[in-house]
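Scroll down for the structure; my scribbles are underneath it.
The values are calculated or read from the model by the stated rules, or taken from the named source; none is laboratory data. Note that the structure is predicted; figures quoted are calculated from it, not measured. Reconstructed Cβ throughout: ideal geometry from the backbone, glycine too, with neighbour counts over all protein chains shown.
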Amino acid sequence: MVAFILPATAAACSSSPRCVEDTDVYLNAGIYTVREGKEEDAFLQDVKVYGLGREDSVLVKGSVSRLHLPLDARQDSCAWVLQGDTWRDTLFFRYRRTTRLLSFECGFIAEFKDLHAESTYHHLDSLAVKAPVVTNTHEENLRLYIDLP
């Protein structure tokens, strides 16, 4: 009879709640163009995205209409390079780092507030910060505008 009680007790102790919240934090950027005064979704064709000074750390390679860029939780700034066949732009980000407890099960996440963005403008035409708080939501934080031929 003891043999049946021990497995039931062990099973009751091992059932702990699991984290159901998204713990990944990315800056979400959409790619757009403006035609006849209207914003339209656009693509960066054959682009390579990597950290500034980290050409060996390619995050994206291909054609994209959205970028999900991690920000550096150890510093108040970081930079990403967008490189095509004949052009190269660098995105510079400054922010204020904070930490937030999601829950006991999920732990803490880094969040980034007061987002400021700058860029070189070779292929990019302009940019706009739409949501200056970068957290674990899928909200679009940044819009990158390109001119299409």
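Screening F92, F104 for residues that are closer than 23 Å to S63 by Cα and out of contact with any Leu (no Cβ under 7 Å at 6 or more places or on another chain) leaves exactly one candidate, F92. Of all residues in segment 35-60, exactly one satisfies the criterion of being at pLDDT 95 or above and among the basic types (K, R), namely K48. With a requirement of 3 or more residues that are touching a residue at least 24 places away in the same chain (Cβ under 8 Å) and of a type outside the set (D, E, K, R), the strands (runs of 3 or more DSSP E) lying completely within segment 43-149 that satisfy it span 44-51, 66-69, 77-83, 88-103, 107-119, 142-146.
Residue-level check: of (1) part of a strand (DSSP E or B); (2) within 18 Å of N136 (Cβ to Cβ), C19 misses just (1).
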